[in-house]
1. For the range 414-435, state whether one or more residues are more than 18 Å from PRO549 (Cβ to Cβ), among the small types (Gly, Ala, Ser) and assigned by TED's automatic domain parsing to the domain that holds PRO549.
2. Taking the conditions exactly as written (open to solvent by 10 Å² or more (accessible area, probe 1.4 Å) and within 8 Å of ligand 1 (Cβ to nearest atom)), does GLY295 satisfy them or not?
3. If you scan the range 553-580, which residues turn out to be open to solvent by less than 10 Å² (accessible area, probe 1.4 Å), in contact (Cβ under 8 Å) with a residue 40 or more places away in the chain and away from ligand 1 (no atom under 13 Å from the Cβ)?
4. How many residues does the range 176-205 contain that are open to solvent by 40 Å² or more (accessible area, probe 1.4 Å) and touching a strand residue (DSSP E or B) at 6+ places or on another chain (Cβ under 7 Å)?
5. Quick one: count up the residues across the range 191-240 that are of a type in the set (Gly, Ala, Ser) and modelled with pLDDT of 90 or more.
6. Within the range 330-365, which residues are within 13 Å of ligand 2 (Cβ to nearest atom) and open to solvent by 50 Å² or more (accessible area, probe 1.4 Å)?
7. In the range 351-385, how many residues are in a loop (DSSP other than H, G, I, E, B) and under 21 Å from ALA526 (Cα atoms)?
8. Cβ-Cβ distance below 8 Å, separation of 6 or more or different chains: which pairs start in the range 99-122 with a residue that is over 14 Å from GLU69 (Cβ atoms) and end on one that is of a type in the set (Ser, Thr, Tyr) and open to solvent by 50 Å² or more (accessible area, probe 1.4 Å)?
Amino acid sequence: MTSSRDLAGLPLEVPPATAKKFEKLGIRRRFDLVLHMPLRYEDETHLYPIGALPYGRPVLVEGDVIAQEVQFRPRRQLVVQLEDRSGTLVLRFLNFYPSQQKQLAKGQRIRALGEVKRGFFGDEMIHPKCRAVHEGEPLAGALTPVYPTVNGLAQPVLRRQIQNELKRQDLGETLPPGVRESLGLATFDEAVHTLHAPPPEFSLRQLEDPLLPAWQRLKFDELLAQQLSMRLAYRARRLGIAPVIRGTGELDRQLRASLPFSLTRAQEKVLAEIRADLANPHPMHRLLQGDVGSGKTIVAAASALTALEAGYQVALMAPTEILAEQHFLKLSAWLEPLGVTVVWLSGSMRKKARAEALASIASTPVLLAVGTHALFQEDVAFRQLGLAIVDEQHRFGVGQRLALKEKGREPHQLMMSATPIPRTLAMSFYADLDVSVIDELPPGRTPIVTKLINSSRRDEVIAYVDRTCAQGNQVYWVCPLIEESETLQLQTAVDTHVQLGEDLPERQIGLVHGRMKPDEKAAVMASFAANDTQVLVATTVIEVGVDVPNASLMVIEHAERMGLAQLHQLRGRVGRGAAKSQCVLMFDTPLSELAKARLKVIYENTDGFEIARQDLMIRGPGEFLGARQSGVPMLRFANLEEDIELLEKARELAPDMLARFPREADAHLDRWLAGREQFLKA
Ligand code: ADP
Ligand code: MG
């Protein structure tokens, strides 16, 4: 296998300019050509008589050009009459080049592939694919694959390169014996030949059916490569060394005594899972999932205490400054009375404050540092970091997990996310993590009622805001997301703030947005938390984590512009206290189909898992995971929703294959992933 594997990895034999084009298609080494699969197929195996053409699908005809003219009405176009023994057909071209006029000159024999439509003057093909032929030229023996391509890379070139590699590459099996048979899959060799060079007996419908054994084989192989790679990442982590952390329980006891509530059964369960991991000499990589409002922060605090009790430092990182601040305030209030030093670190700090924070981090043994990305920049030296907690992990994207290693030792990592990961994604892209789920909300929550209201009824909404305040409750007013311009978005928030101030003269209206200085922001939030401010106008900065239980109404303007996860997160800011809570989604018409679909989902569902599942269906996993930004290679053939069974089988097989068939596993990974690192950096 060694020599052919070397061949697989060889660069393409094409000039550099062409290689660039191939690279755009993700084709770098020769074997990538084998895995470059057709988008669809064309049938040039049968000639249809012009006199009896079927409608509704592309067909191939052959005939002589008996007339050609350029018409000018209703617009400039080339019209060609093609004739065979059974009849005549019009070929119509709305854009054309002189070369086409020449090719389709009167007297030429032509093959045209296209869909027949009933036109005013009889049957016609619009923009058929045409080729000059000589009489009796043989037909294609099988369906012709049509590949995804880029400008300047013609189908025949791609086809030729791929056919060459099919002959040269080792297409032997990488699956352990028996697996293929038991799953009813094609052999790899058979699969790639069927798809790239379909045998004559295959119909279009068969080849384009995802259940075709050949396609199933590719999907399975791809999923298996992903599972193997995740498994390896998982194993590599289990070989890493992390501090063994066992708390005394002392600070934990004090914290619990100070809380006005006790932890739910679900919170206790995940806390126990986290503590068991901390007591292990290998780095924890645990994802703590819990819907918005399920109470992840207190679990983070209690986990932190375990590390602090054992004499280690803890860092907690949040994706936005405003959320990090909320955590800082809350955790300071909980932990400082217990004698824990809590420090703040963010990018926007003054030099002196930053230097002080860095000095504490470098010297104070029992310390909790809260902040943004700034916490994990190179110049931040922890004295003895035992646990790193990342809140709202999904906001960082799946490819951006922390790489934290110091002198060979890694701290334990706890990642928290309120965007529930659908099961299929958890099984694939997050398969290298251990997962804990908080599957119940704290008691005493009243369900949030969601309303969809056309923005033309803004006055009614404002009157409702007023009534809500009159009852002693508070309101979030979220200004529209304006993706094209942050400045415009800011301006809108400022304007809304002024306008609401005029509309609601008896209420105190606050404003918070991303461009404010941290202390300004903190002051506004503190005023809202104390109910000195009744209405908080905000940009989407409050999307994550903000917690004011007395807020019972959330108004979102231009909800149609927001994504589902974002809407769910925003809505989760209310419904945290005993008061009946509402979320008013204002929208502008006309709505796009996508916006309609999203609003329907958010209107009908409150369960974050269900919303995430539907979101995944609407958007597909790439967008869902934020992979576009992080550059994670996504699945090309398998579809996580449709191919769940294959995914389950691949997941079952992976550990066994690594243990018992390491050489096959190696060859499989090489075939599918060589040239790329792995599906994910763990
Ligand atoms: P999230 O999981 O969205 O981060 P938070 O940690 O912000 O949720 O918690 C939401 C609210 O629920 C907070 O006000 C928090 O104090 C409260 N809370 C957390 N756990 C419980 C509990 N066991 N009983 C009652 N309230 C709780
Ligand atoms: Mg939170």
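The values are calculated or read from the model by the stated rules, or taken from the named source; none is laboratory data. This structure is a prediction, so every number in the text was calculated from the model and none was measured. Cβ: placed from backbone, ideal geometry, glycine included. Neighbour counts: every protein chain shown. To get the accessible areas, we keep the full protein, side chains included, count just its heavy atoms, and leave off ligands, DNA and RNA. Shrake-Rupley method; radii C 1.70, N 1.55, O 1.52, S 1.80 Å.
1. Residues of the range 414-435 more than 18 Å from PRO549 (Cβ to Cβ): 414-417, 419-435.
Retained after the next criterion (residues that are among the small types (Gly, Ala, Ser)): 417, 426, 428, 431.
From what is left, the residues that are assigned by TED's automatic domain parsing to the domain that holds PRO549 are none.
No, every residue in the range 414-435 fails to be more than 18 Å from PRO549 (Cβ to Cβ), among the small types (Gly, Ala, Ser) and assigned by TED's automatic domain parsing to the domain that holds PRO549.
2. Values: open to solvent by 10 Å² or more (accessible area, probe 1.4 Å): yes; within 8 Å of ligand 1 (Cβ to nearest atom): yes.
The answer is yes for GLY295.
3. Matches in the range 553-580: LEU553, MET554, VAL555, ILE556, ALA559, MET562, LEU564.
4. Looking only at that region, the number is 1.
5. Pass one, the range 191-240, residues of a type in the set (Gly, Ala, Ser): 191, 197, 203, 214, 225, 229, 233, 236, 240.
Within this subset, residues satisfying the condition of being modelled with pLDDT of 90 or more are 191, 197, 214, 225.
Qualifying residue count, the range 191-240: 4.
6. Let us first name the residues in the range 330-365 that are within 13 Å of ligand 2 (Cβ to nearest atom), namely 330-331.
Residue satisfying the conditions is LYS330 alone.
7. As a first pass, look at the range 351-385 and keep what is in a loop (DSSP other than H, G, I, E, B): 364-366, 372, 377-384.
With under 21 Å from ALA526 (Cα atoms) added as a condition, the list becomes 372.
Looking only at that region, the number is 1.
8. Taking only residues 6 or more apart or on different chains, the pairs are GLU115/TYR55; VAL116/TYR55; LYS117/TYR55; ARG118/TYR55; GLY122/THR88.
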